[in-house]
1. Between a first residue in the range 12-27 that is in a strand (DSSP E or B) and a second residue that is open to solvent by 100 Å² or more (accessible area, probe 1.4 Å), which pairs have beta carbons less than 6 Å apart while being 6 or more apart in sequence or on different chains?
2. Restricting to the range 123-158, what's the tally of residues that are among the β-branched types (Val, Ile, Thr) and not in a loop (DSSP other than H, G, I, E, B)?
3. Across the range 89-100, what is the total count of residues that are open to solvent by less than 20 Å² (accessible area, probe 1.4 Å) and of a type outside the set (Val, Ile, Thr)?
4. Just to be sure I understand the filter: pairs with C-beta atoms under 8 Å, separated by 6 or more residues or on different chains, first member in the range 28-48 and within 20 Å of SER75 (Cα to Cα), second member open to solvent by less than 90 Å² (accessible area, probe 1.4 Å) and polar (S, T, N, Q). Which pairs pass?
5. Taking the condition of being in contact with an Asp or Glu (Cβ under 8 Å, 6 or more places away or on another chain) and either in a strand (DSSP E or B) or acidic (Asp, Glu) (or both), how many residues in the range 70-95 meet it?
6. Could you check how many residues of the range 109-123 are without any contact (Cβ under 8 Å) to a residue 40 or more places away in the chain, open to solvent by less than 80 Å² (accessible area, probe 1.4 Å), of a type outside the set (Ser, Thr, Tyr) and out of contact with any Lys or Arg (no Cβ under 7 Å at 6 or more places or on another chain)?
7. Kindly indicate the residue of the range 39-85 that is polar (S, T, N, Q) and within 30 Å of GLY16 (Cβ to Cβ) and also nearest to the chain's Cα centre (by Cα) among those meeting that condition.
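The values are calculated or read from the model by the stated rules, or taken from the named source; none is laboratory data. Since we're looking at a predicted model, the values are computed, not measured. Here Cβ is always computed from backbone atoms with ideal geometry, including for glycine, and neighbour counts include all displayed protein chains. For the accessible areas, the whole protein counts, side chains as well, though only heavy atoms, and no ligand, DNA or RNA atoms are used. Shrake-Rupley method; radii C 1.70, N 1.55, O 1.52, S 1.80 Å.
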Amino acid sequence: MWEYLVELGEDAARHGFREIQFDYVRFPSEGPLSDAVYPGANMSEEDDIAAFLGFARTRLEKLGVWVSADIFGLSVSVKNDMGIGQNAQKVAASVDIVCPMVYPSHYAPGSFGIKNPNGSPYQVITRAMKDAKARLAGTGAVARPWLQDFTLGSPATG
């Protein structure tokens, strides 16, 4: 699977794309997870994601493109991988750009001390990107927010 995904990226680069972004790099968190089998898995989920992104970057940087990956916005604010393998620092060490998906409607009431995050997009995005900058410091990667153009629920009520 890794080879197939990187070949797609290489093809896109040869067709003029300057950046290859890997979307939704994570392990599942719902369903019968105990039934999931990952052939050849011999490392943690965090390390597996970082290894794939490093593999992709090694190949794609030869074609002069940037490699990016989007991760949950909360991944830059918490100290664990949220059970899905998204460790912000490990992702950042393997790509040029990390795109936290800072969707205000996806933050729980009280996140960042904000009563209604969905109704306070500027404050949520600002706080999350400050966390991203701090978490990515020293990794060589930059943070670029992945913004939503929809909402879940009314911004007025959450």
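1. Close Cβ pairs (under 6 Å, with a partner that is open to solvent by 100 Å² or more (accessible area, probe 1.4 Å)) amount to GLU19/TRP66.
2. Counting residues in the range 123-158 that are among the β-branched types (Val, Ile, Thr) and not in a loop (DSSP other than H, G, I, E, B) gives 4.
3. 4
4. GLU46/GLN86; GLU46/ASN87
5. Number of matching residues: 2.
6. Residues that pass the stated criteria total 5.
7. Of all residues in the range 39-85, those polar (S, T, N, Q) come to 42, 44, 58, 68, 75, 77, 80.
Now restrict to residues that are within 30 Å of GLY16 (Cβ to Cβ): 58, 68.
Working: THR58: 19, SER68: 9 Å.
Filtering first and then ranking leaves SER68.
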